[in-house]
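J.: One structure, as structure tokens, below. Some questions next.
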Amino acid sequence: MFEFKKIANISLFLLVLFFLFIVLVNLFCYSFIFADDTELYCNSFKELFISPSNGLFISSILCKFFAVFIPLHLNIHPSYFKSNYFCYIESFTILLFIFIWNSLLFRNKRLNLLYHISFLFLLSILFLFIEQQPFLLLFTYEGFFRMLLPSFLFVVLFTLLLINIEKKTFIIYLGIYIISFLCSISNEFVSVSTFIGFLIYFLLSFKKLKCNRDFILYMLLILISFLGIFILCKTGAFTRKSTSAIDINYIKSLFEQILPFSKSYFNYVILDHILFYGLLILQSFLLLIRYGNYKDVQETIKFIICFIIGALIFFYMLIGLGKTHYFEGQYWVVHYDLHVMFNIILCAFNLSLLSLLLKYKLISDLVIGFLFSILTVYFGFNIYDYYSNLRNEMKQWRVEIYKNEKAIRLANINNKIIILDEALYKNDYNWGLYYSPKDKEKNKLYPKSTYIIFLNQFEKENKINQCFMFSSKESFENAYRDNGGIFSEEELLEPDFNKLKDKNFILKSQ
């Protein structure tokens, strides 16, 4: 009977996974190269590891690998690879993360119905968070690998640290070292939060650790984390958004910004996450009242406090960057990407405490299962509508990019000025098509764009070297037609970017 129940649970979980995988693939299959993707360049295997984009090695290597290296060596269009191949890789990666995220709640429990419910709940929560920045986080390599992946890595590190409280093995120690280093070089937020978190934990636990082998573990973790920060400093990751030289005027300006920055900090870093903070405080309070002398309770809460302090310190360090150009008059603490990451991490902390509440039966599985079910259904309707519209928007946008890229290639073959549809201006994520992000005047001739430079990596004989301009939709269509081009209804129904690599296809009149 027990074996049958176990097999039934595993079978149900695999069925759920398969269904979710198909749904995610269907969402990502309309991806294509745009925004930050157009700034990725790589002509050889060696270039994967040098001159990291944004000063971040992990995201740079993975972005270049999938956006340029693989498509280049498979001789396929990078947008075709993204929609036909990477959609499977991304879907698998997200489900793997949910599996790890969910393991925080089930460290002390077996696979059961609550596991399936919480898995769906966490997937819905993730996509609810991502609604703040869906295009960049889900449909560009940079967003996925530079923002989401580091938060995934941190959750893995936090999970290993909690396992290490009760079960200390060489494999776990090794895993903690490796993931700590990866976190430290993944991005600025996770790097600083990890280093400061370990440092504070070490200081708080110094008396307890100095006669324990854990002393060496955490000393090494501090050194590893510091090494990661040092590497990011050397690559310029921490200063890539800085616009001011560090001098007396810069220091003076920091003091002048303390009050307005603190107000912005309070609104976006404290108030916007108040629900998660409140849940952390409530759960910690319940655990400390009854089981405050238990090691797993003490250590889990201590880790959470240390890492939250690390994150809060990082957010306040953003005063050094001044105001962001993304939101007029606002400081960098408002940046959506950072808050998506912080929400993921705060959610992981809450899951770890909830796991202890379930372990010590301070709350029942039935209550949590019912609550998660209600929230999943409630979030589900919102997510379905939101991402259905997002998918349709991506589908239409993909057609427009396809049409304009075909027009670019046709005009270039005929040695004519490239005319692009000015409607592309309406989408701020098309900055790769501009000469520069703010230089997009109508009927002005430009020599190049990052999108064209990106495409030329894949061209050996037909490099795009003609100047271009943005004009009215009518001018775009007339220029394309004058060059002998026609868009068939069937062609635009399911655009195949890979055909754009074929000169004969571009030249065909119908």
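J.: What whole number of Å gives the distance from the Cα centroid of segment 390-416 to the Cα centroid of segment 134-193?
T.: Cα centroid to Cα centroid, the span is 37 Å.
J.: Something else: Just list whichever of LYS241/LYS460; LYS416/LYS508; LYS208/LYS361; LYS444/LYS508 have alpha carbons separated by over 27 Å in the model shown.
T.: LYS241/LYS460; LYS208/LYS361; LYS444/LYS508
J.: Given an 8 Å cut-off on Cα distances and at least 6 residues of separation, report the relative contact order of segment 1-105 as a percent.
T.: 34
J.: Place a point 7 Å from the Cα of ILE417 along the Cα-to-Cβ direction; which residues of segment 457-494 have their backbone N under 19 Å from it?
T.: Answer for this model: 464-485.
J.: Would you calculate, for the chain, the mean residue ellipticity at 222 nm contributed by helices, counting each DSSP H stretch of 4 or more residues as -39,500 (n - 2.57) and dividing by all residues, to the nearest 500?
T.: Details: 21 runs with 319 residues, N = 510.
Helix contribution divided over all residues of the chain: -20500 deg cm²/dmol.
J.: Contact order normalised by length for segment 252-362, with contacts defined as Cα pairs under 8 Å and 6 or more residues apart; what percent is it?
T.: With pairs under 8 Å counted, the relative contact order is 39 percent.
J.: While we're here: Would you kindly state how much longer the chain becomes between SER11 and PHE92 on full extension, computed as 0.36 nm times their sequence separation minus their alpha carbon distance, in nm to one decimal?
T.: That works out to 27.4 nm of additional length.
J.: I need the shape label for segment 439-510. Rule: rounded when a/c is under 1.5, else prolate if a/b > b/c, else oblate, with a, b, c from the alpha carbon gyration tensor.
T.: Taking the square roots of the gyration eigenvalues as a ≥ b ≥ c, segment 439-510 is oblate.
J.: So, by mean Cβ neighbours within 10 angstrom, what's the order for 407-419, 36-48 with the highest one leading?
T.: Going by the mean number of other Cβ atoms within 10 Å, highest first, we get 407-419, 36-48.
J.: Distance check, please: which entries in LYS463/LYS501; LYS64/LYS323; LYS403/LYS463; LYS82/LYS406; LYS82/LYS501 exceed 20 angstrom between their Cα atoms?
T.: Table pairs above 20 Å Cα-Cα are LYS64/LYS323.
J.: Decide, for segment 245-397, between rounded, prolate and oblate: order the square roots of the alpha carbon gyration tensor eigenvalues as a ≥ b ≥ c, take rounded if a/c falls under 1.5, and otherwise choose prolate if a/b is larger than b/c, else oblate.
T.: Working: a/c = 3.25, a/b = 1.30, b/c = 2.50.
Since a/c reaches 1.5 but b/c is at least a/b, the shape of segment 245-397 is classed as oblate.
J.: Right, something else. Full-extension gain between TYR85 and ASN26, please, as 0.36 nm times their residue separation minus the C-alpha to C-alpha distance.
T.: So the chain would gain 20.1 nm between TYR85 and ASN26.
J.: What is the extension gain from LYS444 to TYR384, computed as 0.36 nm multiplied by their sequence separation minus the C-alpha to C-alpha distance, in nm to one decimal?
T.: That pair, LYS444 and TYR384, stretches by 17.4 nm at full extension.
J.: Using DSSP H assignments, which helices in the chain have an axial alpha-carbon span of 18 Å or above and a mean Kyte-Doolittle hydropathy of -1.0 or higher? Mind showing how you got there, number by number?
T.: On the way: long enough: 2-28 (39 Å, 2.04); 87-103 (24 Å, 1.47); 113-130 (26 Å, 2.51); 149-166 (27 Å, 2.14); 170-184 (21 Å, 2.24); 188-204 (24 Å, 1.91); 214-235 (31 Å, 2.16); 248-265 (24 Å, 0.10); 274-291 (25 Å, 1.88); 295-317 (33 Å, 1.38); 336-359 (34 Å, 1.45); 365-413 (66 Å, 0.02).
The answer, listed by residue number, is 2-28, 87-103, 113-130, 149-166, 170-184, 188-204, 214-235, 248-265, 274-291, 295-317, 336-359, 365-413.
J.: Let me ask another. Suppose all protein chains stay in the model; what accessible area per residue would a 1.4 Å probe give for the chain, in Å²?
T.: Each residue of the chain exposes 48 Å² on average to a 1.4 Å probe.
J.: I would also like to ask the following. Counting only the heavy atoms of the protein chains, how much of LEU493 is accessible to a 1.4 Å probe, in Å² to the nearest 10?
T.: Rounded to the nearest 10, that gives 120 Å².
J.: Still on this model: Could you order the peptides 162-175, 226-239 from most to least packed, using the average number of other C-beta atoms within 10 Å per residue?
T.: Result, highest mean first: 226-239, 162-175.
J.: Report relative contact order for segment 318-417 in percent, whole number only (criteria: Cα-Cα under 8 Å, sequence separation at least 6).
T.: 9
J.: With the crude spin-label approximation of a point 7 Å out along Cα→Cβ, what separation in nm comes out for ARG240 versus PHE45?
T.: 2.5
J.: If I take R0 = 60 Å and measure r between the Cβ atoms of ILE70 and ILE289 in this structure, what FRET efficiency does the formula 1/(1 + (r/R0)^6) give, to the nearest 0.05?
T.: Computed FRET efficiency for ILE70 and ILE289 comes out at 0.65.
J.: Can you work out the FRET efficiency for the pair ILE100 and SER472, with r the C-beta to C-beta distance and R0 = 41 Å, to the nearest 0.05?
T.: So the FRET efficiency works out to roughly 0.25.
J.: Let me ask you something else. Label segment 324-386 by shape, choosing from rounded, prolate and oblate, from the square roots a ≥ b ≥ c of the eigenvalues of the Cα gyration tensor; if a/c is under 1.5 it is rounded, and otherwise prolate applies when a/b is larger than b/c, oblate when it is not.
T.: oblate
J.: Considering only protein heavy atoms, with the full assembly of protein chains and a 1.4 angstrom probe, order PHE144, PHE18 by accessible area, largest first.
T.: So, going from the largest accessible area down, we get PHE18, PHE144.
J.: Per residue, what volume in Å³ does the Cα convex hull of segment 1-153 take up?
T.: 127
J.: Can you give the FRET efficiency to the nearest 0.05 for LYS361 and GLN257, using r as the Cβ-Cβ distance and R₀ = 41 Å?
T.: 0.25
J.: Report the Cα-based extents of segment 396-455 along its three principal axes, largest first, to the nearest Å.
T.: 29, 25, 22
The values are calculated or read from the model by the stated rules, or taken from the named source; none is laboratory data. Only a predicted model underlies this, so the values are computations on that prediction, with no experimental measurement involved. Counting neighbours? That spans all protein chains shown, and the Cβs are built from the backbone with ideal geometry, glycine included. In case anyone asks, the SASA skips ligands and DNA or RNA and just uses the protein heavy atoms, side chains included. Shrake-Rupley method; radii C 1.70, N 1.55, O 1.52, S 1.80 Å.
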